[in-house]
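The values are calculated or read from the model by the stated rules, or taken from the named source; none is laboratory data. As the structure is a prediction and not an experimental result, all values here were calculated from the model. We place every Cβ from the backbone using ideal geometry, glycine too, and count neighbours over all the protein chains shown.
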Amino acid sequence: MIQHDVLIVGSGIAGMRCALEIKRQQPTADVALVTKLYPTRAPSVIEREGIAAALGNVRFDETGALVPSRGDRTFDSPAQHAADTLKYAEGLADPAAVQLLCEQAPKAVYELEHMGTPFSRTAEGRIAQRAGWGHTQPRVAYAADRTGHAITHTLYGELIRFGIKVYPEWYVLSLAHSANRAQGVVALDIRSGETVAFQAKATVLATGSYGRIFGRTNDTQSSTGDGLALAYRAGLPLQDVELVQFHPLGLYSTGFVISERILLDGAHLLNGKRERVLKRYAKELELAPLAVISAAIEHAIAAGDGAGEHKDHVWLDVRHLPANHLREHYPHLLEYAADYLGINPLEQLVPVLPTAAATLGGIPTNLDGAVLDAQQQPVAGLYAVGACASNGVNGANLLPGNALLSAVVFGRRTGAAIAAQLKAAPAHGDFPADALQQALAEVEALLHQQGDMRAGAVRERLLATMSAACGPLRQSELLTQHLGSLHELRAEFNRIALDDKGHVYNAELVEALELSRMLDWGEAIIAGALAREESRGVHSRSEYAAPSTAQHTLTTRQTDGTPQVSHVAAPDMPAVQA
Amino acid sequence: MNVRIRVPRFNAETDATPKFQEYTVTVTPQTTVLDALNSIRSEQDGTLAFRRSCRSGMCGSCGMLINGRNRLACNTRVVDLNNHEVSVNPLPGFPVIRDLVVDWDPFFAKDAVMLPYLVTDQPVPAEGERLQSRYDYERIDNAARCIQCGCCSSACPVQWSNGDYYGPAALTRAYRFVEDSRDTAVRARLDIVGTETGVWRCHTIFNCTSDCPKGVLNTENIQALKRKIMLTRLGLGSIAVKVHAPELA
């Protein structure tokens, strides 16, 4: 058995920031990260847009142009940032959480800069900021169009500076808990095939988003919601997992997001007849809310107005925009179009359609990152940070730049809370005797399972089912039907046989383990979507046009494996200040 | 269109040499090499081992030798290879664990030697960020694009013959901090890269620059480090030596 004071599952920005804060506050603490990737390969690196904070380095002038503001906060403030965030969250965010997020934002971003993050700069040498969809001031700080990559590599450097131990390419199989306390995890060393128990006084889930369960997504192939599965299988609830942000500008064939800023800059969306898609759906045309644009594209395709051979997408038209502007501000668009479609957006139309861009729900936590059980009580020794956690900042929609921000702010805050706990913490608890055996049994059973199905085929059907059931537009009938499909898929999973029976780097085994977990908590998404009888933010139900009472869904796994959804009232919004 | 994909099958624990295996995959104009490998694993042969994650050329997991060049499987479309036959091999010069999966430990160990974090004797400002001019930002912009995919180090003949050579990825990492206007550990890093396993092993072959999928100017960075070391020895160390990326010049 391997022992550490703190074990962090996941090595993205939230996990690394948390580890770093524990080490800063408690240098003697023994902190380790266990990840199925390598830290520099964490899905955080694909976050292009930036990190939001009211730094006041630039502001809009009367004409809407960006002008230097030199850190003057008269035009922007954390309060304004919080107001924008709450407005965008459509009544489901926790005002206290949002206030904390926005107040801590400037300090969190400055700290990243002090660590050496290569942020782009204004002409005055300050951190560059740009406009973001839904932000009233230009407050999205960025490092070219690879902000997540820049922060990830900086934090990775800090891990090395502090000598924080990393276990790369280990897949965490289960949470160990006894005496109402998390005691660590059991994990599979992908490289050797060995299954090992890790004991810790504090266990942190930092496993990122779960968008890989959808067929068309911006997320990585690794974003399989493993942390959600760990909590869900341990009997803990998942909160608001049905809330998934769909982005209208997903690149055809890959689902990669093209920044929505390009719509603010005047890009057009055209249907198969080369007409503006939104003319029929929104008077603001391409400046309508993103959820409206996504829905309009889905409607247009359903109505047979799609473009291309299969009428299965629409066109993004940027040909009328200045080439230099596109090269400077949207290098990812030109790169994606050339690499994945072999086209040049300066001269050709780019095929796009809605894609799953961000997952808003997760493991419920309080503002110190402590995981909450079904009775809203903290589970001793268990924390969750980053995109896998649901602490009230997201609400029913997510502003650009707030995802990276909450990973950094709450990673840091949770790290501080753990460091304080460690000072008072006793020795390691009792690691449950059967945890290792149970995890080992799961792996061996899967390796030797006989059957006539391929794991890959079941996965393809799962992704298709989730996309069909829980896309931008949701209907009761389809949701109920696909809840049934998921039951069938679970039965099919018991008929799969792996080709690879080996132990060394058995990637097929790891993908099958991910799949078995997605089949579990995927059901929580559909059940949550069915129970959320309203349209609010990113969640759009055809039968319910308006928002109902603001409440969170909490989905728990019952003993027979089926999900049970309950509702919790969302904290009240503060009275709107005049 | 059908293409044949040829992959070496190897397990370091049991095999002395790889055996080659061919798979036939149906591709569309959009199919990437990674898509093809994914389809082999999920539809034909689950035992094929390779790494992948982000699919978008940012995580650096899927660096491979594809039809003779080191590239990322995820952003290389099969049609762009102009061939009905595709050979996919693990990154040359890296120890192979299994099939296309190589051992990253030596690579990341060399990176860690470069002090890959900001070192400065200047105090942290009480309020706000450290200022950095756009000119100074552009000095590190190109090197900071590195995704640690290993395509450069794996393309380097010196690396093939001398496994102790730090290699272009680690040296570019050193360069990124040496050129950072906020960092003051220039001499410490020049001492590290100026050793026998450092920049002087580089024979300016430029394979590392030409195979970098992110356009990082690795050989140029190594040359700049060499010049900096010499200028420092001559007592002219304060002279900024900057590599001009073509798009920035």
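A few points about this structure:
- Applying the set (1) more than 14 Å from chain B (Cβ to nearest Cβ); (2) farther than 27 Å from residue A:19 by Cβ; (3) in contact with a Leu (Cβ under 8 Å, 6 or more places away or on another chain) to residue A:252 leaves exactly one unmet item: (1).
- Only helices (runs of 4 or more DSSP H) whose full extent lies in region A:433-515 are considered here, and the ones with at least 3 residues that are over 25 Å from the mean Cα position of the chain (by Cα) and assigned by TED's automatic domain parsing to the domain that holds residue A:538 are A:435-448, A:476-493.
- Scanning region B:107-125 finds no residues that are in contact with a strand residue (DSSP E or B) (Cβ under 6 Å, 6 or more places away or on another chain), of a type outside the set (S, T, N, Q) and under 30 Å from residue B:5 (Cβ atoms).
- Scanning region A:336-358 for residues that are farther than 17 Å from residue A:324 by Cα and in a loop (DSSP other than H, G, I, E, B) yields A:342, A:343, A:349.
- Candidates in region B:201-229 are the residues that are on the phi < 0 side of the Ramachandran plot and touching a residue at least 60 places away in the same chain (Cβ under 8 Å); of these, the one that is surrounded by the most Cβ atoms within 10 Å (Cβ to Cβ) is B:218.
- Selection within region A:532-570 - of a type in the set (D, E, K, R) and more than 16 Å from residue A:392 (Cα to Cα): A:532, A:533, A:534, A:541, A:543, A:557, A:560
- Test: residue in region A:204-215 that is within 14 Å of another protein chain (Cβ to nearest Cβ) and at pLDDT below 95: yes
- Checking each residue in region A:378-420 for being part of a loop (DSSP other than H, G, I, E, B), closer than 24 Å to residue A:131 by Cα and β-branched (Val, Ile, Thr) picks out only A:393.
- Output for region A:20-30, where each listed residue is in a helix (DSSP H, G or I) and either within 14 Å of chain B (Cβ to nearest Cβ) or not hydrophobic (A, V, I, L, M, F, W, C) (or both): A:20, A:21, A:23, A:24, A:25
- A single entry from A:517, A:541 fulfils the requirement of being surrounded by 15 or more Cβ atoms within 10 Å (Cβ to Cβ), touching an Asp or Glu at 6+ places or on another chain (Cβ under 7 Å), closer than 26 Å to residue A:495 by Cα and not aliphatic (A, V, I, L, M): A:517.
- Conditions (1) in contact (Cβ under 8 Å) with a residue 12 or more places away in the chain; (2) surrounded by fewer than 21 Cβ atoms within 10 Å (Cβ to Cβ); (3) not hydroxyl-bearing (Ser, Thr, Tyr): number failed by residue A:302: (1)
- In region A:123-154, residue farthest from the other protein chains (Cβ to nearest Cβ) [restricted to those that are buried (at least 21 other Cβ atoms within 10 Å of the Cβ) and basic (Lys, Arg)]: A:139
- Verdict on residue B:151 being touching a strand residue (DSSP E or B) at 6+ places or on another chain (Cβ under 7 Å) and buried (at least 24 other Cβ atoms within 10 Å of the Cβ): yes
- Single unsatisfied condition, residue A:235 versus (1) touching a Leu at 6+ places or on another chain (Cβ under 9 Å); (2) of a type outside the set (Asp, Glu); (3) assigned to a loop (DSSP other than H, G, I, E, B); (4) more than 10 Å from chain B (Cβ to nearest Cβ): (1)
- Applying the criterion of being under 15 Å from residue B:171 (Cα atoms) and facing another protein chain (nearest Cβ under 8 Å) to the residues of region B:117-145, the residue that is surrounded by the most Cβ atoms within 10 Å (Cβ to Cβ) is B:144.
- Scanning region B:151-193 for residues that are outside any helix (DSSP H, G or I) and within 28 Å of residue A:114 (Cβ to Cβ), we see that the one that is farthest from the other protein chains (Cβ to nearest Cβ) is B:166.
- Test: residue in region A:135-151 that is without any contact (Cβ under 8 Å) to a residue 24 or more places away in the chain and not aliphatic (A, V, I, L, M): no
- Where strands (runs of 3 or more DSSP E) sit wholly within region B:1-116, those with at least 2 residues that are more than 7 Å from chain A (Cβ to nearest Cβ) occupy B:2-9, B:19-26, B:63-66, B:69-72, B:85-89.
- Which numbered condition residue A:468 misses (of (1) under 21 Å from residue A:398 (Cα atoms); (2) modelled with pLDDT under 95; (3) in contact with a helix residue (DSSP H, G or I) (Cβ under 9 Å, 6 or more places away or on another chain)): (1)
- Candidate set from region A:126-140 (those that are part of a loop (DSSP other than H, G, I, E, B) and aliphatic (A, V, I, L, M)); member that is modelled with the lowest pLDDT: A:131
- Criterion applied to A:479, A:462 was being more than 14 Å from chain B (Cβ to nearest Cβ) and either closer than 30 Å to residue A:246 by Cβ or in contact with a strand residue (DSSP E or B) (Cβ under 6 Å, 6 or more places away or on another chain) (or both), and the one residue passing it is A:479.
- Within the option set A:176, A:200, being buried (at least 24 other Cβ atoms within 10 Å of the Cβ), farther than 30 Å from residue B:129 by Cα and either under 25 Å from the mean Cα position of the chain (by Cα) or within 14 Å of chain B (Cβ to nearest Cβ) (or both) holds for one residue only, A:176.
- Subset of region A:57-79 (residues that are within 11 Å of another protein chain (Cβ to nearest Cβ) and modelled with pLDDT of 95 or more): A:57
- Hits in region A:359-380 (condition: surrounded by 24 or more Cβ atoms within 10 Å (Cβ to Cβ) and small (Gly, Ala, Ser)): A:361, A:362, A:369
- Being outside the structural domain of residue B:52 (by TED's automatic domain parsing), under 20 Å from the mean Cα position of the chain (by Cα), in contact (Cβ under 8 Å) with a residue 24 or more places away in the chain and farther than 20 Å from residue B:103 by Cβ is a property that does not hold for residue B:173.
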